[in-house]
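Here is the structure we will look at, set down as structure tokens.
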Amino acid sequence: MPDQNAIMAATKSFILSEFLEGEDPDELTEDVELISSGILDSLATLKLVTHLENTYDIKIEAHEADEDNLNTLVDIAKLVASKL
Amino acid sequence: MKQGATKDMATSKLSKARAAAARPEVPVSAAERWLGLGLVAVQLALVVAAAVRYRFESPVFQQALPWLAAAAIVHHLLPARHRLAFFAAISLATIFYFFGISPTGFDFASALERGGEVVAIGLALIALCHLPIPFRPRIAVLLGVGAGLMALRGGALFGESLATIWPVLGALFMFRLVIYAHDVEHEKGKPDFVRAIAYFFMLPNVFFPLFPVVDWKAFGRNYYNDDAMRIYQRGLHWMARGVLQIVFYRIVYYHFYVDASLVEDGSSLLRYLLANFALYLRVSGQFHMIVGLLLLFGFNLPETNHHYFLAESFTDYWRRVNIYWKDFMVKIFYTPVAFSLRTKGDILPGVVGSAVAFFATWVLHAYQSYWLRGAMSFSLQDTLFWTILGVLVMINTVWEARRGRKRSLSARFDPKEAFFAALRTMGVFAVMGVLWSLWSAKSFEQWLSIWRFADADFFGRAAVALVCVGVVKIVVERLTTFEGGLLFGATPKGARWPQLLRSAVLTVLLPMSILWVLGHPGVHRRVDEKTRFILRSLKSNQPNTADLRAIERGYYENLFDASKSNFLDSGIQAPPDWVDFPEIEFLDTTGDMRYWALRPNQSATINGYRVSTNAFGMRDRAYAAQKPENTHRIAMLGSSHVMGWGVHDGEPFEALVEEGMADQRSDGESLEILNFGVGGYSPVCQLGVLREVALDLAPDAIYYIAHEVDGSLAIERLARLVQHKIPLEDEFLRDIVARAGLSASMSQSAMLRELPPFAEELVRKSYAKIAELARERGAVPVWIYMPRVPERQPDAEQIGKLRRAAEDAGFIVFDLTGIYGDTDVEDLVMSQWDLHPNAEGHAIMARALMDVMRSDERLGFGGPTSGPGETGAPGAGPSR
């Protein structure tokens with residue numbers, strides 16, 4: 001079972017390749033706000049959730065796909081870890 | 001074991017990182033913190049002073065704002081554990097305060113009763129969200145109760161007694177209850193009722209029916225989630241931005257706006273499109289003030305609107321223009337729908353989710369209208385606007401799903417990207433400007449009709465305007481990427497003293513000081529008249545000329561319908577228990593050309609004012625039917641201004657003049673001025689007044705009080721007389737009716753479409769007949785143009801026509817244009833929703849009228865005779 005750091009690393013890689021092509025990976029730190037800054041809009045959030053569900057074989061509810069759970073890499077890792 | 005330890009370490013590391021990111025303190029020492037608070041207090045005082053000086057929206061809010069600002073400072077000084085409860089208590093107090101405000105002082109009984117009703121119903125609704133039953137049945141109960149409340153709002157039961165509370169209850173609960181019921185279902189732990197009370201009754205919602213839809217989770221999550229000083233600085237920045245946006249809105253509203261009916265060429269068409277689009281500044285200005293104030297209480301909420309004129313795509317526009325609404329739609333409609341379809345590919349979920357969100361937006365705007373105004377509103381323009389915008393957003397969504405959207409982790413300025421962004425912005429701006437004009441048009445037909453003026457001149461000017469938008473986009477892009485937007489005075493996370501000070505100076509202290517100085521009466525006295533007019537307009541909260549006429553049209557039409565008048569779409573409305581003139585109990589239809597008249601010997605308190613009638617049905621003291629000997633009797637004819645709608649008995653200017661001139665007859669006679677004014681009376685009605693009552697009381701003079709709207713009022717009243725088959729005694733009236741093709745079977749609006757070409761003739765012949773009837777009985781006809789208070793820019797051409805008509809009819813003519821001088825309109829009217837003059841306004845009218853009476857010895861008050869054609873009151877203004 002992957003730990004939170006591994007989840008963070010994998011998610012960071014996914015976000016960089018899908019939504020932030022060409023951006024400096026070092027700038028995507030664990031506290032960068034993804035939803036409130038507009039990097040993850042509703043469509044991108046949906047894509048990320050589908051990726052997390054498929055990758056970790058978990059189910060994320062609609063009400064969980066919000067700023068509380070997906071705003072930073074840390075938040076995402078915590079949500080995924082809580083479902084493993 | 002190893003795995004658990006790793007997890008703990010990771011969690012610990014994450015927690016530390018997050019904590020460090022979240023709350024770096026700004027001032028370190030106690031002295032610095034006091035200094036920071038002092039800086040906040042100074043800025044807050046300046047913002048409040050500017051907001052009050054510029055009359056930020058409703059007078060009730062202006063009165064409350066200094067107290068709310070003081071409460072914010074007290075809130076900060078309290079121990080952190082008591083702050084939320086204090087905010088909740090202050091919020092509840094504003095509810096009671098709001099209901100206690102009345103035109104005649106603070107009404108404690110109303111405050112307790114109405115405030116108590118709102119709070120009790122509100123608490124019951126919150127409790128329903130926590131019923132210990134499964135989610136779906138709980139939602140069913142809420143929907144049932146909501147439907148019941150909507151039925152009550154429609155007047156099904158307790159219509160009169162609960163009428164005042166519905167807009168407030170609706171504003172507090174109509175959307176937030178949906179979010180709350182949704183979110184608490186998934187919340188862990190015990191319900192936090194203090195937070196719930198703070199959330200639902202949050203100040204300053206009660207003062208703003210149009211309130212951003214605050215998210216329950218964001219409300220809790222962001223509470224003091226950053227250093228307090230940074231949150232406050234951000235809040236002050238937004239409040240100041242709110243004041244500035246309202247001032248910009250007024251520049252557009254008073255000086256650029258063109259009503260659709262006045263579009264006559266390419267230039268005015270462009271002005272109409274641009275100004276209509278820019279009028280949204282009022283909403284965003286309000287939202288910035290509201291959310292800025294909430295930040296001062298620690299709720300570090302996100303921005304409500306962000307550079308929406310500079311959106312680069314339609315989805316971008318949707319994300320920027322009303323961010324809280326977009327978030328609400330995403331949470332309640334888009335995400336559940338898109339989630340349920342997320343296995344169906346990349347495009348379908350987004351498209352269907354967007355379609356559902358826009359359909360919901362359209363329906364919920366009508367639902368909002370129902371709660372705030374009491375009537376659903378589904379116009380063709382609404383439907384087209386939301387449908388077209390929804391389709392554009394869906395197309396944009398598909399495009400982004402296929403091609404991706406450029407995102408960036410850091411703000412960088414790339415000239416090439418900025419250029420293409422500017423091109424996209426120009427396109428979105430053009431389309432949204434056109435769409436916005438459709439949405440705000442009075443009818444689809446009217447909107448279509450303005451496009452016949454889209455000539456080469458229009459397209460040339462529009463191209464220049466769009467290039468300007470593009471340039472602004474590039475400049476803003478450059479500035480926002482320069483040092484993280486610090487040139488704009490941004491307060492980013494982690495900002496420290498130098499940045500906070502820069503923000504304080506650039507975004508609050510400097511602009512608010514300039515604004516405060518520009519609004520100072522001393523400055524107004526030192527500038528020329530044109531500049532003074534512009535500066536004063538920035539402080540005005542009154543309708544512009546076009547809206548004033550629209551309101552009057554509505555007002556006079558409503559006189560017959562007895563419906564509540566709304567102040568256009570501004571959100572400023574009369575209290576539900578406000579009595580419009582036709583609703584007063586002692587108004588009877590007469591069956592003659594007056595159409596209606598006041599019932600004799602009545603007395604009642606209306607909107608807080610004592611209104612009494614004498615034995616003749618005049619709003620006046622008692623008079624003998626037989627004129628006493630050695631008495632000069634004047635019959636004063638007019639409408640609601642003469643009657644004194646909005647002041648106590650004894651305060652109409654007619655009564656003040658009678659008292660002030662009582663011993664000034666040059667022949668030593670006593671003076672009687674009989675007040676025949678009744679709301680809604682037009683020149684046509686005055687013929688009925690003379691024949692039915694006034695001439696029988698043997699007046700020595702007839703004083704006809706004219707207004708700029710005499711023409712429109714005359715045709716509206718004539719249409720009503722025709723519709724009610726009231727006999728027209730005058731041949732010229734029957735002739736006009738015949739030539740206009742009117743019949744009793746036609747609707748009022750159909751008749752009003754036919755009559756405007758006859759308005760001038762109708763006024764001229766009515767004036768001539770009034771003067772003729774007066775002379776037949778030996779009374780001197782006197783015509784006095786009395787400007788209404790909001791007429792800062794009188795229509796000189798229209799007044800000139802009325803005056804010539806009066807002169808040709810043989811009246812002695814006086815023109816009192818300009819009598820209100822530099823006095824602020826707001827100080828002279830009853831309220832924001834009823835622009836009739838208050839007691840001070842009547843005092844000014846009385847002084848001006850007494851001046852002209854003394855100035856012309858033909859009136860018998862001893863003054864020198866003016867020359868022929870002459871007219872005017874000393875000191876009554878330059879345009880006489």
* Residue that is farthest from B:P209 (Cα to Cα), among those in the stretch B:351-363 that are aliphatic (A, V, I, L, M) and either in contact with a Pro (Cβ under 7 Å, 6 or more places away or on another chain) or open to solvent by less than 30 Å² (accessible area, probe 1.4 Å) (or both) -> B:A357
* How many of the residues making up the stretch A:3-13 are touching a residue at least 40 places away in the same chain (Cβ under 8 Å) and either aromatic (F, W, Y) or more than 7 Å from every other protein chain (Cβ to nearest Cβ) (or both)? -> 5
* Asked: On the given criteria, is A:L40 under 28 Å from B:M394 (Cα atoms), modelled with pLDDT of 90 or more, touching a helix residue (DSSP H, G or I) at 6+ places or on another chain (Cβ under 7 Å) and facing another protein chain (nearest Cβ under 7 Å)?
  -> no
* Residue list for the stretch B:409-425, filter: out of contact with any Asp or Glu (no Cβ under 7 Å at 6 or more places or on another chain) and open to solvent by less than 40 Å² (accessible area, probe 1.4 Å) -> B:A422
* To do: Give the residues of the stretch B:606-639 that are more than 15 Å from B:A694 (Cβ to Cβ) and among the charged types (D, E, K, R), sorted by residue number.
  => B:R610, B:R621, B:E629
* Pick out the one residue from B:V40, B:V48 that is in a helix (DSSP H, G or I) and touching a Pro at 6+ places or on another chain (Cβ under 6 Å). => B:V48
* Condition test on B:E483, is it assigned to a helix (DSSP H, G or I), modelled with pLDDT under 85 and either under 36 Å from the mean Cα position of the chain (by Cα) or closer than 30 Å to B:E264 by Cα (or both)? -> no
* Mind listing whichever residues of the stretch B:446-460 are within 24 Å of B:Y317 (Cα to Cα) and either in contact with a Leu (Cβ under 6 Å, 6 or more places away or on another chain) or in a loop (DSSP other than H, G, I, E, B) (or both)? => B:W447
* Answer yes if at least one residue in the stretch B:406-420 is more than 14 Å from chain A (Cβ to nearest Cβ) and in contact with a Leu (Cβ under 6 Å, 6 or more places away or on another chain), and no otherwise. => no
* Asked: Given the stretch B:161-228, what helices (runs of 4 or more DSSP H) lie entirely inside it while holding 3 or more residues that are in contact with a Phe, Trp or Tyr (Cβ under 9 Å, 6 or more places away or on another chain) and within 12 Å of chain A (Cβ to nearest Cβ)?
  -> B:176-184, B:216-221
* Could you list, in sequence order, the residues of the stretch A:15-37 that are part of a helix (DSSP H, G or I), more than 7 Å from every other protein chain (Cβ to nearest Cβ) and surrounded by fewer than 17 Cβ atoms within 10 Å (Cβ to Cβ)? -> A:S17, A:E18, A:P25, A:D26
* To do: Go over the candidates A:L52, A:L40 one by one and state the one that is open to solvent by less than 30 Å² (accessible area, probe 1.4 Å), among the aliphatic types (A, V, I, L, M) and either within 21 Å of B:G220 (Cα to Cα) or without any contact (Cβ under 8 Å) to a residue 40 or more places away in the chain (or both).
  => A:L40
* Asked: Do we find that B:A147 is of a type in the set (G, A, S), open to solvent by 50 Å² or more (accessible area, probe 1.4 Å) and at pLDDT 90 or above in this structure?
  -> yes
* Could you check how many residues of the stretch B:317-371 are over 25 Å from B:E185 (Cα atoms) and facing chain A (nearest Cβ under 9 Å)? => 4
* Can you tell me which residue among B:E797, B:E772, B:E760, B:E840 is without any contact (Cβ under 8 Å) to a residue 40 or more places away in the chain and either basic (K, R) or closer than 30 Å to B:H724 by Cβ (or both)? => B:E772
* Structure fact -> Those residues of the stretch B:122-134 which are touching a residue at least 40 places away in the same chain (Cβ under 8 Å) and open to solvent by less than 40 Å² (accessible area, probe 1.4 Å) amount to B:G122, B:L125, B:I126, B:C129
* Give B:L728, B:L671, B:L695, B:L690 a once-over and let me know the one that is part of a helix (DSSP H, G or I) and surrounded by fewer than 23 Cβ atoms within 10 Å (Cβ to Cβ). => B:L695
* **Residue count, the stretch B:383-406 (criterion: modelled with pLDDT under 90 and open to solvent by 30 Å² or more (accessible area, probe 1.4 Å))** => 7
* Structure fact -> Conditions (1) more than 8 Å from chain B (Cβ to nearest Cβ); (2) closer than 27 Å to B:E187 by Cα -> A:A81 fails only (1)
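The values are calculated or read from the model by the stated rules, or taken from the named source; none is laboratory data. Keep in mind the model is a prediction, meaning the values are calculated, not measured. With ideal geometry, Cβ positions are generated from the backbone for all residues, glycine too; neighbour counts draw on all protein chains shown. Remember, those area values only see protein heavy atoms, side chains included, never the ligands or the DNA or RNA. Shrake-Rupley method; radii C 1.70, N 1.55, O 1.52, S 1.80 Å.
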